[in-house]
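In what follows, a structure is listed as structure tokens, so that the remarks can point back to it.
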Amino acid sequence: MQGNEQGLVDISITLNGREQKVAVPADMSALKLIREVLGLKGTKEGCSIGECGACTILVDRQAVNACLVFAPQLDGKDVQTIEGLNREPRFQALQQAFLDRHAVQCGFCTPGLLISVYALLLEEPCPDRDEVIRSIAGNLCRCTGYHQILSGVDRAINPDAEWRPDVG
Amino acid sequence: MNLVYQTVGQSIDKKDGRQRLRGEPLFSADLELENALVLKVLRSSKAHAEIESIDSDAASALPGVVQIFTARDIPGRNLMGIINKDQPLLVVDKVRSLGDAVALVAAESETAANAALQAIRVDYRDLPAVFDPQQALTEEAPLIHAEGNLLCRRDIIRGDIHAGFAAAAVIVEQTYQTSFVEHAFLEPDAGAGYVDSDGVLVIHASTQNPHYDRSEVSGVLRLPKERVRIIQAATGGGFGSKLDVNCQGFIGLALYHLQRPVRLVYTREESFLATAKRHPLTITMKSGVDSTGKLTAAKVRILCDTGAYGSYGIAVVSRAAVHALGPYALDNVAIESLGVYTNNPYCGAMRGFGAPQAAFASESQMDLLAAELGMDPLKIRKINALRPGSVTVTGQKLEASVGYLECLEAIEPYYQAAKAEWLPAQVPEYRRRGIGLGGMFYGIGNTGTKNPSTARVVMDQTGQATLYTGCADIGQGSSTVLIQILAETLGLEYENIQMVAADTGRTTSAGATSASRQTYISGNAVLDASKKLAAILCSLGARQLKTAASDLVLRKGQVQDRRDPSRGISLAELAALARKQGIELFGEGRFDPVTTSLDPETGQGDPYATYAFACQLALLSVDVLTGEVRVDKVVAAHDVGRAVHPENVKGQICGGVAMGLGFALMEAFEPGKTESLKDYHIPTCSDMPEVIPLIVESEEPSGPYGAKGVGEPALIPTAPAIANGLALALGERITTLPANLERVLEAGLKAGLFGA
Ligand code: FES
Ligand code: FES
């Protein structure tokens, strides 16, 4: 990371598997970098203050709210957004499970939700309900009431899982 | 009826579901238009003030600022509103609430636009403000609009309440209060637009009603309708708020003057500040019941605070009145519902249009009456339930698809089990358990007014069908359901059906995505269009197959002989044939539900063609040390006529329960205080109870394949069920929503539960 003449910071990130160098203002959020500078619109902005989870991305395989991170803090990191994850077979399996369980309504919360769940599954392939709930407690969804989302996660963990009405 | 359908009743993959899961649909804020200017709105910091002057010279001179617009730049009618027009796009001489739009900035960058907002000088002269609707009706109250502070009233008078109360064994009277509620859809309002080569202003927006947007924007700009085209972008929920023109008017104004692409994206804070809220209602209800549990009379007064502008207020006032007493037969009623202007944020449509507030009051009353009689709450509901042949408070005789009793019966085993086992179970001393019921009925479509939908189905030369509909799917899944209806009627595979939706340049109006009306009304329009096309296909097929058209059916991509399916001709062949003969294959459909307008004095009439019914049961526990409420389970039985897509119905029910739980326990928008999701909380995954959706299908003869609707009904019973459960748990009734920690503690203290 280096400051340059225009007061910008040069950073280098691995974005969706490809190394990328960009110069960013020091106070630019990672969310702005991803959406506006890099043009990746699958990461959503729902609040910009870390309350909704719509902007969730993976940074070094951890789920992070992009609106709470400054772009220069991504320097040297491995960053994955929905656009990159769309190519990963295990992520695709999660998407299929969500589709099968009708876990998407408007779809605005969906990329962030999927990524929060995915980050959990990377660490713990067979999480229990409590762990799943904790992983998405920061992802608001105003449409679904969360049940079909949980059902989708169940199915991703175990394809034979039945619909379960309870949350915990 | 036991007809087996191919597609209807199947939970097929959601239309565009895969794309949504991949994050691909473009929401308004995702649209990249080359060279687009950034728009920002300067908003009022005063609740009620005259504008003495707006000085934008310094702001205009800032680098990157292109232009600053005020009301003077509006070429047409600077008043908007779907029912009554009272809301300026940009205020003229005064502001009526916090967040009113004062000026519009167009700039080359967000930074420049923000700098301009800071630099515009507005001189206000404060006016006395009124925030209480009761006070707003008094003589001394400051006038918010020149015509007075009473927006409207709706009376429903039926029978003789004096005789009714005289016949009552028990009478209870109570006042209920609900709060402002923020829709809090996940996608903040946004839009983007450009002027196309024909000079048409093309606006992509997050909206629930593109055709209304077009008429409003063209009116504001004094342009013929054809000069404005609204295209719904992917929309991240709406719940009623995106029925108002939010960004669209500003984008139109800037396009009109600048002829350059522009974009406007609200921050979450702006979406909180500047868009409609749910009306807070004050409801005083007096109800009488005879010794057998039969309701004898009710007197209701409803005060709806519509804030500074009407928006959907008139509809809310009316619907609250019609639904005030819930799904029960009652001969003697006097209901008075008033809509009042205040200097609060304006209130508009929100999932249920006043019915959720009304259900909180009326279902609380049912439990109070039952308690006085020593009767079981389920029993009193059964005794009074609307059933086929019943007459509603507006004098409408219900003939078919009256599934309330079925909903109560579906709930009953869960209710009895909860009562017998769950409620008396040993729990720690500090926990108190309660169970509660909430019932509801809900008229599908607009109240006693025309609200047609239209649709067009076109078949190309290869036999592929395309559906053209103005219907805006905001996530709830109407596109999927409409395709199912088309596929079923034409015997097509749903995967092969193309769709063009919610684009005023390419589709005709389907009306608003509101009032739970799209499955029933637009579904019927699609059915009509499909049937017309089917008739053409059958008559073409009849000639080929040398059979009477009436013996033919459409099935599996073919026109087939009903009695001998091996005799058939594929739609592809027929379509090719039609083309040769110069016949265009299309069907145009329309549906307007049969309603009558309500009598202005007595409120009598048939305001809806059909009603949805539901009952929910809530099981909850209260921690008497902290006041914390945990809803453990909600069983939700909903009569939807027919579930065209059962998983969609379940999704609506679970989402409705979540929103209802927020309404019941945590959500209260406070003007000037709750500014973002940081201080306004909506339910998260960990707040959710177990939900058991039970789909009841009391087929609606006039519905497409028997369907009615479920979007709003899903939410309506939840808060009353929770309120009734809380009353049982605490031994003290909470009559103001939300039943937050303070109110629960207060009720508990009154009941002697805490600190004893
Ligand atoms: S936009 Fe980042 S948490 Fe809401
Ligand atoms: S699907 Fe709409 S917010 Fe989650």
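Any residue at all in segment B:204-220 that is within 14 Å of another protein chain (Cβ to nearest Cβ) and out of contact with any Leu (no Cβ under 7 Å at 6 or more places or on another chain)? Yes.
Select from segment B:184-212 the residues that are open to solvent by 20 Å² or more (accessible area, probe 1.4 Å), hydroxyl-bearing (Ser, Thr, Tyr) and either out of contact with any Gly (no Cβ under 9 Å at 6 or more places or on another chain) or within 16 Å of ligand 2 (Cβ to nearest atom) (or both) and list them in ascending order. B:Tyr194, B:Ser197 - these are the residues of segment B:184-212 that are open to solvent by 20 Å² or more (accessible area, probe 1.4 Å), hydroxyl-bearing (Ser, Thr, Tyr) and either out of contact with any Gly (no Cβ under 9 Å at 6 or more places or on another chain) or within 16 Å of ligand 2 (Cβ to nearest atom) (or both).
Annotation: of all residues in segment B:457-498 being part of a strand (DSSP E or B) and surrounded by fewer than 21 Cβ atoms within 10 Å (Cβ to Cβ), the one that is nearest to ligand 2 (Cβ to nearest atom) is B:Gln498. What are the pairs with Cβ atoms under 6 angstrom where one residue, in segment A:47-75, is within 16 Å of ligand 2 (Cβ to nearest atom) and the other, located anywhere, is of a type in the set (Lys, Arg)? Sequence gap at least six, or different chains. Pairs found: A:Cys47/B:Arg268; A:Glu51/B:Lys678; A:Ala54/A:Lys44. What do you reckon, is B:Val657 buried (at least 24 other Cβ atoms within 10 Å of the Cβ) and hydrophobic (A, V, I, L, M, F, W, C)? Here the answer is yes, as B:Val657 does meet what is asked. Scanning segment B:219-226 finds no residues that are in contact (Cβ under 8 Å) with a residue 40 or more places away in the chain, closer than 27 Å to B:Tyr680 by Cα and open to solvent by 10 Å² or more (accessible area, probe 1.4 Å).
Criterion applied to A:Asp154, A:Asp166, A:Asp160 was being more than 9 Å from ligand 2 (Cβ to nearest atom), open to solvent by 30 Å² or more (accessible area, probe 1.4 Å) and more than 10 Å from chain B (Cβ to nearest Cβ), and the one residue passing it is A:Asp160. Checked against (1) open to solvent by 10 Å² or more (accessible area, probe 1.4 Å); (2) without any contact (Cβ under 8 Å) to a residue 60 or more places away in the chain; (3) in contact with a helix residue (DSSP H, G or I) (Cβ under 7 Å, 6 or more places away or on another chain), B:Ser514 passes all but condition (2).
Contact map, segment B:417-432: residues that are within 23 Å of B:Gly627 (Cβ to Cβ) paired with residues that are part of a loop (DSSP other than H, G, I, E, B) and open to solvent by 90 Å² or more (accessible area, probe 1.4 Å), Cβ distance under 8 Å, separation 6+ or inter-chain. Pairs shown: B:Tyr430/B:Leu625. Selection within segment B:308-346: residues that are of a type in the set (A, V, I, L, M) and assigned to a loop (DSSP other than H, G, I, E, B). The member of this set that is nearest to the chain's Cα centre (by Cα) is B:Ala324. For segment B:238-255, indicate whether the set of residues that are surrounded by fewer than 24 Cβ atoms within 10 Å (Cβ to Cβ) and more than 16 Å from ligand 2 (Cβ to nearest atom) is non-empty. Among the residues of segment B:238-255, not one is surrounded by fewer than 24 Cβ atoms within 10 Å (Cβ to Cβ) and more than 16 Å from ligand 2 (Cβ to nearest atom), which makes the answer no.
Scan segment A:6-27 and tell me whether some residue there is farther than 19 Å from A:Tyr118 by Cα, assigned to a helix (DSSP H, G or I) and more than 16 Å from ligand 2 (Cβ to nearest atom). So far as segment A:6-27 goes, no, none of its residues is farther than 19 Å from A:Tyr118 by Cα, assigned to a helix (DSSP H, G or I) and more than 16 Å from ligand 2 (Cβ to nearest atom).
So, in segment A:21-54, of the ones that are of a type in the set (Gly, Ala, Ser), within 10 Å of ligand 1 (Cβ to nearest atom) and on the phi < 0 side of the Ramachandran plot, which residue ends up most open to solvent (accessible area, probe 1.4 Å)? This residue is A:Ser29.
A single entry from A:Arg18, A:Arg101 fulfils the requirement of being within 14 Å of chain B (Cβ to nearest Cβ), over 15 Å from the mean Cα position of the chain (by Cα) and open to solvent by 30 Å² or more (accessible area, probe 1.4 Å): A:Arg101.
Just so you know, in segment A:56-80 the residues that are farther than 22 Å from A:Leu8 by Cβ and within 14 Å of chain B (Cβ to nearest Cβ) include one that is surrounded by the most Cβ atoms within 10 Å (Cβ to Cβ), and it is A:Thr56. Strands (runs of 3 or more DSSP E) fully within segment B:103-202 that include at least 2 residues being more than 30 Å from A:Ser48 (Cβ to Cβ): B:121-126, B:150-158, B:170-177. Within segment B:662-680, the set of residues being open to solvent by 20 Å² or more (accessible area, probe 1.4 Å) and more than 14 Å from ligand 1 (Cβ to nearest atom) comprises B:Leu665, B:Met666, B:Ala668, B:Glu670, B:Pro671, B:Gly672, B:Lys673, B:Glu675, B:Asp679. For segment A:107-134, residues that are within 16 Å of ligand 1 (Cβ to nearest atom), assigned to a loop (DSSP other than H, G, I, E, B) and either more than 10 Å from chain B (Cβ to nearest Cβ) or touching a helix residue (DSSP H, G or I) at 6+ places or on another chain (Cβ under 8 Å) (or both) total 1.
Within segment B:170-183, does at least one residue satisfy the condition of being within 16 Å of ligand 2 (Cβ to nearest atom), within 14 Å of chain A (Cβ to nearest Cβ) and surrounded by 16 or more Cβ atoms within 10 Å (Cβ to Cβ)?
Within segment B:170-183, one or more residues are within 16 Å of ligand 2 (Cβ to nearest atom), within 14 Å of chain A (Cβ to nearest Cβ) and surrounded by 16 or more Cβ atoms within 10 Å (Cβ to Cβ).
Tallying residues that are open to solvent by less than 40 Å² (accessible area, probe 1.4 Å) and either without any contact (Cβ under 8 Å) to a residue 40 or more places away in the chain or under 41 Å from the mean Cα position of the chain (by Cα) (or both) within segment B:561-576 yields 5. Checking every residue in segment B:581-598 against the condition of being assigned by TED's automatic domain parsing to the domain that holds B:Ile485, of a type outside the set (A, V, I, L, M), more than 41 Å from the chain's Cα centre (by Cα) and more than 30 Å from B:Phe239 (Cα to Cα) gives at least one match. Count of segment B:599-649 residues, restricted to those that are charged (D, E, K, R), more than 14 Å from chain A (Cβ to nearest Cβ) and more than 19 Å from the chain's Cα centre (by Cα), is 6.
Name the single residue, out of those in segment A:55-70 being in a strand (DSSP E or B) and out of contact with any Ser or Thr (no Cβ under 9 Å at 6 or more places or on another chain), that is farthest from ligand 1 (Cβ to nearest atom). Give the derivation first.
Initial filter on segment A:55-70 (in a strand (DSSP E or B)): A:56-59, A:62-65, A:70.
Narrowing further to those that are out of contact with any Ser or Thr (no Cβ under 9 Å at 6 or more places or on another chain): A:59, A:62.
On the way: A:Val59: 13, A:Gln62: 15 Å.
Here the answer is A:Gln62.
Can you find even one residue in segment B:220-236 that is part of a loop (DSSP other than H, G, I, E, B), within 16 Å of ligand 1 (Cβ to nearest atom) and under 24 Å from A:Gly50 (Cβ atoms)? Within segment B:220-236 (the criterion being part of a loop (DSSP other than H, G, I, E, B), within 16 Å of ligand 1 (Cβ to nearest atom) and under 24 Å from A:Gly50 (Cβ atoms)), the answer is yes, since at least one residue qualifies. Among the residues that make up segment B:48-67, is at least one of them in contact with a strand residue (DSSP E or B) (Cβ under 8 Å, 6 or more places away or on another chain), part of a loop (DSSP other than H, G, I, E, B), open to solvent by less than 20 Å² (accessible area, probe 1.4 Å) and outside the structural domain of B:Lys650 (by TED's automatic domain parsing)? Checking segment B:48-67: at least one residue is in contact with a strand residue (DSSP E or B) (Cβ under 8 Å, 6 or more places away or on another chain), part of a loop (DSSP other than H, G, I, E, B), open to solvent by less than 20 Å² (accessible area, probe 1.4 Å) and outside the structural domain of B:Lys650 (by TED's automatic domain parsing).
Selection of segment B:279-297 for residues being assigned to a strand (DSSP E or B) and out of contact with any Phe, Trp or Tyr (no Cβ under 9 Å at 6 or more places or on another chain) yields B:Ser287, B:Val289.
The values are calculated or read from the model by the stated rules, or taken from the named source; none is laboratory data. Everything numeric here is computed off the predicted structure, so don't read it as measured data. Note that we place each Cβ from the backbone using ideal geometry, even for glycine, and neighbour counts take in every protein chain shown. Calculation scope for accessible area: heavy atoms of the full protein, side chains included, ligands and nucleic acids excluded. Shrake-Rupley method; radii C 1.70, N 1.55, O 1.52, S 1.80 Å.
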